[in-house]
């Protein structure tokens, strides 16, 4: 996680994100400036060529220094590559760092090509933030990534931040307000960046326990029909389903502009009870008079199969070799690749029913006829909101003003101020109830919709309710 912000032409990256979840120990003796070794409480996890932070980011005595390239830590002694430049006192924290430098970049758009600003620079250990002052650009998006100058490796890039700064829908702005309400600083004992990011995600999770208008995706046409295919992965949708693998939260499915009826798995199995589905095992050429399939044991001795838009009649079925023969030379008019789906005892057509399978597929009651090849499958559904990865992440929840109360409650809980925590959480729940009257998902007209507003319960509502 790399947290970036832009303020008064300065691109700032929080150094605190470097130490989240990192291995740490402490000095067991004072260390004077110019020392080539330090004595610590434990050396587990520390190795040659590592970088360490002695002290705490933001303290005037903090410094980043490299461990010796060949002398490994032993006992309670860590040997340094260069001598310390500051005095350090016993019990000062010593934290392992993956990186010792930072690189700033800019792009004209969020997904555009990044241009490095200046050169890679040392991390400012005595500051909470490292920064680059961009006196050239006033628009665009700022990025940062960490750099290890020994291993010559970079971290992943931060999320891009607009030069206008973090907006009110960003995690950075939300947690800043929460910390102000709880009277703590970002990066403090009870409000590390990692803690606050988790709190923000927990707040959003608490909100989306309910179903909201802003989660509804209308008329998604990202899945297109393929002839003779009846099953499509819902992972191909523009957004991830809030409730994958079940029909909950799915408002409607249309094919060729016509609404389809939902049926459950058992009903769909009944639709295909007498149907045989197999695949091409050996590629067939144009004009071939035989067709090798994966399995023909369920096919009759004489019959007609459908594959890739072709209707192929055969007069013999060798179940030992899985070969259909006696096919007219004029029947196979296109190459039939291996794994092409083959159907028997069902006529491809226009689907009228669908079901959702546990493996997150949508299945139609008939394979799609070639006349509908390339048609859009139009869906309306509740999408899963994206989890936050850093302070530049934004939420789609329109009422961001309730987030700080939840986060402040979590901070107070960590501080063991349970009365304050309960007060903040009560404030959050009361505000959430107020938003339900505005943004709660309504019962849809002319459809059945699954509404899940009662904790631990669900109710099937229709327009007659």
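The values are calculated or read from the model by the stated rules, or taken from the named source; none is laboratory data. Predicted model only: the values in this text are computed from it and were never measured. Note that we place each Cβ from the backbone using ideal geometry, even for glycine, and neighbour counts take in every protein chain shown.
Points to keep in mind about this one:
- Filter pass, residue 309 being in contact with a helix residue (DSSP H, G or I) (Cβ under 9 Å, 6 or more places away or on another chain), surrounded by 13 or more Cβ atoms within 10 Å (Cβ to Cβ) and either touching a residue at least 60 places away in the same chain (Cβ under 8 Å) or not assigned by TED's automatic domain parsing to the domain that holds residue 371 (or both): yes
- For segment 399-415, the criterion of being under 25 Å from residue 210 (Cα atoms) and loosely packed, with under 15 Cβ neighbours inside 10 Å is met by at least one residue.
- Any hit, segment 24-33, residues being assigned to a strand (DSSP E or B) and under 14 Å from residue 97 (Cβ atoms): yes
- Test for residue 208: is it within 21 Å of the chain's Cα centre (by Cα), more than 30 Å from residue 372 (Cβ to Cβ) and surrounded by fewer than 18 Cβ atoms within 10 Å (Cβ to Cβ): yes
- For the residues 332, 346, 356, the requirement of being in contact with a helix residue (DSSP H, G or I) (Cβ under 8 Å, 6 or more places away or on another chain) and surrounded by 15 or more Cβ atoms within 10 Å (Cβ to Cβ) singles out 356.
- Restricting attention to segment 371-401, the residues being touching a strand residue (DSSP E or B) at 6+ places or on another chain (Cβ under 8 Å) and under 29 Å from residue 361 (Cβ atoms) number 12.
- Any hit, segment 237-250, residues being outside the structural domain of residue 370 (by TED's automatic domain parsing), surrounded by 15 or more Cβ atoms within 10 Å (Cβ to Cβ) and touching a residue at least 60 places away in the same chain (Cβ under 8 Å): no
- Here the condition is being assigned by TED's automatic domain parsing to the domain that holds residue 236 and modelled with pLDDT of 95 or more; of 220, 199, it holds for 220 alone.
To keep it simple, each residue is scored yes or no on (1) within 30 Å of residue 401 (Cβ to Cβ); (2) modelled with pLDDT of 95 or more; (3) crowded, with 18+ Cβ neighbours inside 10 Å; (4) assigned by TED's automatic domain parsing to the domain that holds residue 403.
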| residue | (1), (2), (3), (4) |
| --- | --- |
| 69 | no, yes, no, no |
| 73 | no, yes, yes, no |
| 79 | no, yes, no, no |
| 119 | no, no, no, no |
| 128 | yes, no, no, no |
| 151 | no, yes, no, no |
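- Residue within segment 3-15 that is surrounded by 22 or more Cβ atoms within 10 Å (Cβ to Cβ), assigned to a loop (DSSP other than H, G, I, E, B) and touching a strand residue (DSSP E or B) at 6+ places or on another chain (Cβ under 9 Å) present: yes
- Taking segment 140-164 as the range and being over 20 Å from residue 5 (Cβ atoms) and in contact with a strand residue (DSSP E or B) (Cβ under 6 Å, 6 or more places away or on another chain) as the test, the residues that pass are 149, 154.
This table checks each residue for (1) surrounded by fewer than 19 Cβ atoms within 10 Å (Cβ to Cβ); (2) at negative phi; (3) over 19 Å from the mean Cα position of the chain (by Cα).
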site	(1), (2), (3)
166	no, yes, yes
171	no, yes, no
178	no, yes, yes
194	yes, yes, no
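- Which numbered condition residue 86 fails, given (1) outside any strand (DSSP E or B); (2) crowded, with 17+ Cβ neighbours inside 10 Å; (3) under 32 Å from the mean Cα position of the chain (by Cα): (3)
- Of the residues in segment 41-49, none is assigned to a loop (DSSP other than H, G, I, E, B), within 24 Å of residue 130 (Cβ to Cβ) and touching a helix residue (DSSP H, G or I) at 6+ places or on another chain (Cβ under 7 Å).
- Number of the condition not met by residue 359 [criteria: (1) more than 30 Å from residue 193 (Cα to Cα); (2) not assigned by TED's automatic domain parsing to the domain that holds residue 261]: (2)
- Filter result for residue 339 (under 30 Å from residue 237 (Cβ atoms), in contact with a strand residue (DSSP E or B) (Cβ under 6 Å, 6 or more places away or on another chain) and without any contact (Cβ under 8 Å) to a residue 40 or more places away in the chain): no
- Enumeration of residues in segment 50-63 that are within 33 Å of the chain's Cα centre (by Cα) and in a loop (DSSP other than H, G, I, E, B): 50, 56, 57, 58
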